[in-house]
Amino acid sequence: MKAFERLIDPYQPADGPPPRTVLGFGRWALSGAGPAILLLVALSVAAGAAEAASAWLVGWLVDLAASAKSPERFFEDNLWELSAIAGFFVILRPVVMSLNGGIMSRTMMPSLWTMTVLRLHQHVLGHALKFFEDDFAGRIAQKETQSSIALGDVIMETIHAVLFGVATVIGALVLLWSTDAALAWILLLWFGAYLGLVAYFLPRIRKLSRTRADARSRVSGQLVDSLGHIATVKLFAHARREQAAATTSVVAYRETAQAFGRMTWLFRTWLAFLSGVLPIALIAQSLVLWQDGTASPGVIALAGLIATRLAQMSGWISFTAMGIFANIGVIEDGIRNLTPAHQITDLDDAKPPPPLHGAVSFDGVSFQYGRRVGGVQGLDLHIAAGERVALVGRSGAGKSTIVSLLARLHEIEAGTISIDGIDVRTMTQDGLRQQISIVTQDTAMFNRSALDNILYGRPDAGEDAVFEAARQAQAHEFIGDLRDPAGRKGYAAHLGERGVKLSGGQRQRVALARAILKNAPILVLDEATAALDSESEAAVQHALKDLMVGKTVVAIAHRLSTIAHMDRIVVLEAGKIAEQGTHQELSRRDGLYAGFWARQAGGSLGVAAE
């Protein structure tokens, strides 16, 4: 029955961005799964009808027995009728249930979550850098998985429980109406009261669930934030402080969970009373009809089976509906947090750039992070292809802002940035960033193998190119000595979360090997050798000298001695160019750079990287 598993292709991408309503989001996340969902709907309705038919068949069987003239010949006289009843219970009903379960467990459960989480993650990855700077990575990931699980549960439980229950009630109403209208009216009035109870409680449960989901994701974000910086926590001896922060977030979550629990307890209590009314009312009415001679004993059996079955189902379906509304609250929370429109998008006609030489121009560029201060203002900076330029200035002068704007990690507020005369906004973001290699002071490592971390620069490069890049970055030797807890060695060894298994200098050299492998025409060095010891720095500087040949280089440096050989040094102050020139020219002037150089020569670290 592999056909069950091929009904949905969970890896097909979604069309466009996700809508910001629950129904719209559901259609977006599950587009392509429609045929399988409709098939499950049909099977669930058939299963619900089979439940009502089961009660009718039992009532029919009771009437056959009650009307038998010769009990000794009951089986012989009713062979076809009994065979039909047995065939329904032994063959037809199990087949419907089996198909229903197969679609549920082999098609829907494995595929719906897969579709949703991949599509949602693709959208989240497209957010601008600011989106991630304003939130916890753990909280974002938690909301992705929570929302995906919740959507799958809403779809499956709505079909499996709600539609099944509605089909059962409708089937029961038809049977009771054909027997006696009074029985049908009792069921109809009870069902109306049941719906009223649901309508009152479930929206409240939905709201409380949304609040609880947000509080739970905050707990996750707090825990990940502490564990992700465990070395800092230990070095500053702040385990108790982190525990207190975790306790605060857990207390907030517990309060929302208690409010949710109080509402669900009230719902269940009222539901228990209502469920007890139906069997009493239906069975009492059927007994009255039998006493009056207007109903057969089979009607009593029919009413009793329907009443007890619906009473049992009402609790199950209500709890399921409560879960559905709770999950809708989770989905709404995820939609609110994860699906805002992307702040930086490709133009409809954006294209990957052709091979670039690397001439960079900032023309009247302003960007201040939405504030009145910081960033850059009216910046005019032109870098020729192959020119090596260093950016120098105090912390907050705008150095890292220039690099971020060049890579379009933020969208400029005014002006134009172009490469080889092409406005970067006309390029696809991925195409632009493939033209830029960046090595930062805060190196980013994945908890993957050393090979995979270096291959991130150019995934199709091959192992030999990785080894050569590692040699140039002075990383090949220590990578060969790596071992991880799973027994993997060398380039196969995993580096731990954020490269925690490496020293700062080792992480820097792996990052440099990645940039060497990428071999982009524009090279950005943001304190690229800051974490290296003197011996390693000398070796890496030699590698960088070879790497810079023929490339446009933008370097941010804390130690001015490392950029003294650059073609041009641009000194920034308050987001503007204060002075520029070669090291020799600037050091002879009585300006900012000369002051920085004099203080560093005297042992003071006068310039800080942004």
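The values are calculated or read from the model by the stated rules, or taken from the named source; none is laboratory data. As the structure is a prediction and not an experimental result, all values here were calculated from the model. Here the Cβ is made from the backbone with ideal geometry for all residues, glycine too, and neighbour counts use every protein chain on show. Heavy atoms of the whole protein, side chains included, go into the accessibility calculation; ligands, DNA and RNA do not. Shrake-Rupley method; radii C 1.70, N 1.55, O 1.52, S 1.80 Å.
Against the chain, whose longest principal axis is taken from its Cα atoms, helix 181-228 shows a tilt of about 20°. With helices as the sole contributors, the chain gives -19000 deg cm²/dmol at 222 nm; each DSSP H run of n ≥ 4 counts as -39500 (n - 2.57), and the sum is divided by every residue. Projecting the Cα atoms of GLY370, ALA150, LEU38 onto the charge dipole of the chain (Cβ charges, centred on the Cα centre) puts GLY370 farthest toward the positive pole.
Sorting PHE132, PHE273, PHE467 on solvent-accessible area from highest to lowest, probe radius 1.4 Å, gives PHE273, PHE132, PHE467. Taking only protein heavy atoms and a 1.4 Å probe, the accessible area of segment 321-465 is 50% carbon and sulfur. Peptide packing: for 238-248, 382-392, 333-343, 66-76, the average count of neighbouring Cβ atoms within 10 Å per residue gives the ranking 382-392, 333-343, 238-248, 66-76, highest mean first. With a Förster radius of 41 Å applied to the C-beta separation of TYR369 and SER105, the computed FRET efficiency comes to 0.25.
Based on Cα contacts under 8 Å between residues 6+ apart, segment 128-263 shows a relative contact order of 35 percent. DSSP finds beta bridges in the chain, and of those with both partners inside it, around 50 percent are antiparallel.
Across segment 277-430, Cα pairs under 8 Å and at least six residues apart give a relative contact order of 23 percent. Residues TRP113, TRP80, TRP177, ordered by accessible area of protein heavy atoms at a 1.4 angstrom probe radius and largest first, appear as TRP80, TRP177, TRP113. Dipole of segment 276-419 computed with +1 at Lys/Arg Cβ and -1 at Asp/Glu Cβ about the Cα centre; of LEU347, HIS357, LEU391, farthest Cα towards the positive end is LEU391.
Given the alternatives (i) 25.9, 82; (ii) 29.3, 94; (iii) 34.7, 124, Rg and Dmax of the Cα atoms in Å as computed for this entry is given by (iii).
Take the chain with all the other protein chains still there, run a 1.4 Å probe, and you get 49 Å² of accessible area per residue.
Relative contact order for the chain: 14 percent, from Cα pairs under 8 Å spaced at least 6 residues apart, divided by residue count. Relative to the longest principal axis of the Cα atoms of the chain, helix 93-102 runs at roughly 10 degrees.
For the residue pairs LYS399/LYS501; LYS518/LYS545; LYS234/LYS489, the alpha carbons lie more than 23 Å apart in LYS399/LYS501; LYS234/LYS489. In this simple spin-label approximation, ARG73 and LEU125 carry label points 7 Å from Cα along the Cα→Cβ vector, and these lie 7.7 nm apart. Using a Förster distance of 51 Å, how high is the FRET efficiency between ILE344 and ALA181, based on the Cβ-Cβ distance and rounded to 0.05? Efficiency, from the Cβ-Cβ distance: 0.20.
Apolar share of the accessible surface for segment 1-153: 68 percent from carbon plus sulfur atoms, 1.4 Å probe.
Taking Cα atoms only, the orientation of helix 137-157 departs from the longest principal axis of the chain by about 20 degrees.
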